[in-house]
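The values are calculated or read from the model by the stated rules, or taken from the named source; none is laboratory data. What you see is a predicted model, and the numbers here were worked out from it, not measured in a lab. Glycine also receives a Cβ, built like all others from the backbone with ideal geometry; neighbour counts cover every protein chain displayed. Quick note on the areas: whole protein, heavy atoms, side chains included, nothing else; ligands and nucleic acids left out. Shrake-Rupley method; radii C 1.70, N 1.55, O 1.52, S 1.80 Å.
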Amino acid sequence: MERALADQLEALHPDAFGWALHCCAGIQAQAEDVLQNAYLKVEQERASHDGRSSFKTWWFGVIRFTAHEEFRRQRYRESLVGKLLAIFVEEHHPAPSRQVEKDERHAELRRCLAQLPTRQTEVLHLVFYQDLTIQEAAQIMGVGIGSARQHYERGKARLRSLLQPESPHE
């Protein structure tokens, strides 16, 4: 791998891991696997930046696509019993990263985000947590800019209403 490419990937690693974690529903082990496989794609030249978008936008798209590939493979590998066992384990032994979240406001935000449709949470995550533009988020998500703007605006509005404290007179 050429040095300039390695430097770009290294500079984006913290943000890339955050995006991989989002793409993997907060499951750290899966996010690590997805990110490692995305790095392998670049190393093996199965993914290369063609310059049609910013490097970060392209890289986040590779990560998202890799996460989707991993989930498809996982569905085929797991039996019904395996799925039930995984659900039981997650409910009774949550990942350590989830136990660390003690801040009540952060937990409330996550609860509200979980109530939004997938596209809305993806665009909000990319814009707010990854500091991308709506256009870059649209490219990563594989949707048009108009669609991304609509998901962004609807997501913000819905999140705002979910985060409003209920008045005692309701």
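Overall, the accessible surface of segment 123-169 at a probe of 1.4 angstrom is composed of carbon and sulfur to the extent of 50 percent. In this structure residue 42 has an accessible area near 10 Å², from a 1.4 Å probe over the protein heavy atoms. What's the carbon and sulfur percent of segment 18-70's accessible surface, probe 1.4 angstrom, rounded to a whole number? Carbon and sulfur: 50 percent of the exposed surface of segment 18-70.
Taking label points 7 Å from Cα along the Cα-to-Cβ direction, residue 156 and residue 3 give a separation of 4.3 nm.
Sequentially through segment 59-66, phi angles give Karplus couplings (6.51, -1.76, 1.60; θ = phi - 60°) of 4, 5, x, 4, 5, 4, 4, 5 Hz, Gly and Pro residues having no value and appearing as x.
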